[in-house]
1. Taking the options 17, 82, name whichever one is loosely packed, with under 14 Cβ neighbours inside 10 Å and assigned to a helix (DSSP H, G or I).
2. Sort out which residues of region 1-14 are polar (S, T, N, Q) and surrounded by 13 or more Cβ atoms within 10 Å (Cβ to Cβ), and write them in order of number.
3. Only one of 176, 199, 167, 163 is farther than 17 Å from residue 146 by Cα, among the aliphatic types (A, V, I, L, M) and within 16 Å of the chain's Cα centre (by Cα); which?
4. With the checklist (1) touching a strand residue (DSSP E or B) at 6+ places or on another chain (Cβ under 9 Å); (2) farther than 13 Å from residue 211 by Cβ; (3) open to solvent by less than 40 Å² (accessible area, probe 1.4 Å); (4) not aliphatic (A, V, I, L, M) in hand, flag the one item residue 33 doesn't pass.
5. Under 9 Å between Cβ atoms, which residue pairs at least 6 apart in sequence (or on different chains) link something in region 63-82 that is closer than 23 Å to residue 103 by Cβ with a partner that is in a helix (DSSP H, G or I) and of a type in the set (Phe, Trp, Tyr)?
6. Considering only residues that are within 13 Å of the chain's Cα centre (by Cα) and of a type in the set (Asp, Glu), look in region 40-79 and name the one that is most open to solvent (accessible area, probe 1.4 Å).
7. Looking at residue 25, is it modelled with pLDDT of 95 or more, of a type in the set (A, V, I, L, M, F, W, C), under 19 Å from residue 143 (Cβ atoms) and open to solvent by 30 Å² or more (accessible area, probe 1.4 Å)?
8. In region 85-101, what count of residues is obtained for those that are in contact with a helix residue (DSSP H, G or I) (Cβ under 7 Å, 6 or more places away or on another chain), open to solvent by less than 20 Å² (accessible area, probe 1.4 Å) and under 21 Å from residue 26 (Cβ atoms)?
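The values are calculated or read from the model by the stated rules, or taken from the named source; none is laboratory data. Given the structure is predicted, the values throughout are model-derived calculations rather than measurements. Positions of Cβ are backbone-derived with ideal geometry, glycine not excepted, and every protein chain shown enters the neighbour counts. What goes into the accessible areas is simple: the full protein's heavy atoms, side chains included, and nothing from ligands, DNA or RNA. Shrake-Rupley method; radii C 1.70, N 1.55, O 1.52, S 1.80 Å.
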Amino acid sequence: ELVSDCFYQGKLETGRENPPEYYDFLPEQFSKQVCWIDTSSLADKKGFEQTSENNEDKWNEAEARVVMELLRQILECEDFMEFIKEDLQPKEPPIGIICMYSKQRELIDRRKAEATWLSEIQDLVKVDTVDSYQGKENRIVIVSTVRNNPMLHPGFLRSPNRINVAISRAMERLFIIGASRMWVGRNSSLPLGKVFNKINSMVAEDRASLLPASQFLEK
């Protein structure tokens, strides 16, 4: 519905059934199929993107930390992980992390390699850029949008194709990590603005979640 309403005028239909019942083993805050984790309220510019001197590379340290904590909370749900492992195809990673910038992929890959709690289950998590993700999908997808700056510059996140690919790769759970402040007002008509607006309407109907990023950064 999210993809259909934001990119296909509501004309796209899906044959997918509801997620398996074992998703009920996830924490209550992850009970909805769509969740936006909002970095807007992080104090002291902690949620802002970082940029290389030549302005070519962009990454977001706060989002990378949120991704890792979100991963940890999912992977520590032993009952859920036991069921999903039985349900997977050979060599199928259940969790995919889609990064809108390659530097963000490098950062998350490094944090993933350094996480001792992830050492024996590395193969359960795939990290890649949005431009490498077309045609692929995962049971759970985490999208790291990266962009959050005072000027509200969206960069290539104004691309409908990239946003469409990013949010349509999820089979059973979609988590979008980003600053809602970027996608309201003047950017509300951009693809990610439409996505945030749709998610907001779903939240009002108790069909999606909007969580503050701060709760993933407390540890």
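1. Working: 17 fails: assigned to a helix (DSSP H, G or I).
Residue meeting the stated conditions: 82.
2. 4
3. Working: 176 fails: farther than 17 Å from residue 146 by Cα; 167 fails: farther than 17 Å from residue 146 by Cα; 163 fails: farther than 17 Å from residue 146 by Cα.
From the options 176, 199, 167, 163, the qualifying one is 199.
4. Every condition holds for residue 33 apart from (3).
5. Taking only residues 6 or more apart or on different chains, the pairs are 65/216; 66/216; 67/216; 68/216; 69/216; 70/30; 70/216; 72/117.
6. Within region 40-79, the match that is most open to solvent (accessible area, probe 1.4 Å) is 69.
7. Details: modelled with pLDDT of 95 or more: yes; of a type in the set (A, V, I, L, M, F, W, C): yes; under 19 Å from residue 143 (Cβ atoms): no; open to solvent by 30 Å² or more (accessible area, probe 1.4 Å): yes.
Against the criterion (modelled with pLDDT of 95 or more, of a type in the set (A, V, I, L, M, F, W, C), under 19 Å from residue 143 (Cβ atoms) and open to solvent by 30 Å² or more (accessible area, probe 1.4 Å)), residue 25 does not qualify.
8. Let us first name the residues in region 85-101 that are in contact with a helix residue (DSSP H, G or I) (Cβ under 7 Å, 6 or more places away or on another chain), namely 93-95, 97-100.
When the remaining residues are screened for being open to solvent by less than 20 Å² (accessible area, probe 1.4 Å), the result is 94-95, 97-100.
Still in the list and also under 21 Å from residue 26 (Cβ atoms): 94-95, 97-98.
Of the residues in that region, 4 qualify.
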